[in-house]
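Notes follow once the structure below has been shown.
The values are calculated or read from the model by the stated rules, or taken from the named source; none is laboratory data. Source: prediction; values computed, not measured. All Cβ positions, glycine included, derive from the backbone under ideal geometry; neighbour counts span all protein chains shown.
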Amino acid sequence: MSSKKSRRLNALSRGLTTIKYQNGCAFNFYYLDLEQTPVTYDNLSLLIDRLKFLSEQKLEHWSSRPIAGGRRGRNRYFKKLNDFTFSNSNLTQPANVRDDVEWSQFYIAPTFRLIGFTEKVEADPDAIDIFYVVFIDPSHDFYSP
């Protein structure tokens, strides 16, 4: 490899390691369980569009932002499901997810939710929020009161 190409690659790799996110949240699909909640092409198309939108702001923003057309502004784009247990669900907890996670959901459409949990790097106040997607729930099967 020429020294010019090598210098450009080194500069690029240094730049990639120093990217700092100022806003937004990231979606991680490591724990995704597609066995319990099958997804169609139409669901994925809508989901990709919404993920782009939801990635623009931090979780704090989405937890305080009412859903347009929602019930008197009570519903939010993101909410923690405090004290949730799988006894209230049509789904079961995947074996690869810790028992102590705090379950949360993102609103995608009227009956469509992303279900998972969050983590944030506490050492960096500007760190990006990470939402670990466990279920893509187009039928709102996760929580059944």
Residue list for the range 79-110, filter: part of a loop (DSSP other than H, G, I, E, B), surrounded by 11 or more Cβ atoms within 10 Å (Cβ to Cβ), in contact (Cβ under 8 Å) with a residue 12 or more places away in the chain and of a type in the set (S, T, N, Q): SER89, ASN90
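Would you tally the residues in the range 111-145 being of a type in the set (A, V, I, L, M) and either in a strand (DSSP E or B) or at pLDDT 90 or above (or both)? Walk me through it before giving the result.
Pass one, the range 111-145, residues of a type in the set (A, V, I, L, M): 114-115, 121, 123, 127-128, 130, 133-134, 136.
Pick out the ones that are also either in a strand (DSSP E or B) or at pLDDT 90 or above (or both) and you get 114-115, 130, 133-134, 136.
Adding up the residues that qualify gives 6.
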Within the range 1-45, can you find the residues that are at pLDDT 80 or above and assigned to a helix (DSSP H, G or I)? TYR41, ASP42, ASN43, LEU44, SER45
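Could you count how many residues in the range 46-85 are of a type in the set (Gly, Ala, Ser) and modelled with pLDDT under 85?
Summing the residues that are of a type in the set (Gly, Ala, Ser) and modelled with pLDDT under 85 in the range 46-85 gives 4.
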Just one of (1) more than 12 Å from the chain's Cα centre (by Cα); (2) surrounded by 15 or more Cβ atoms within 10 Å (Cβ to Cβ) trips up TRP62, so point out which. (1)
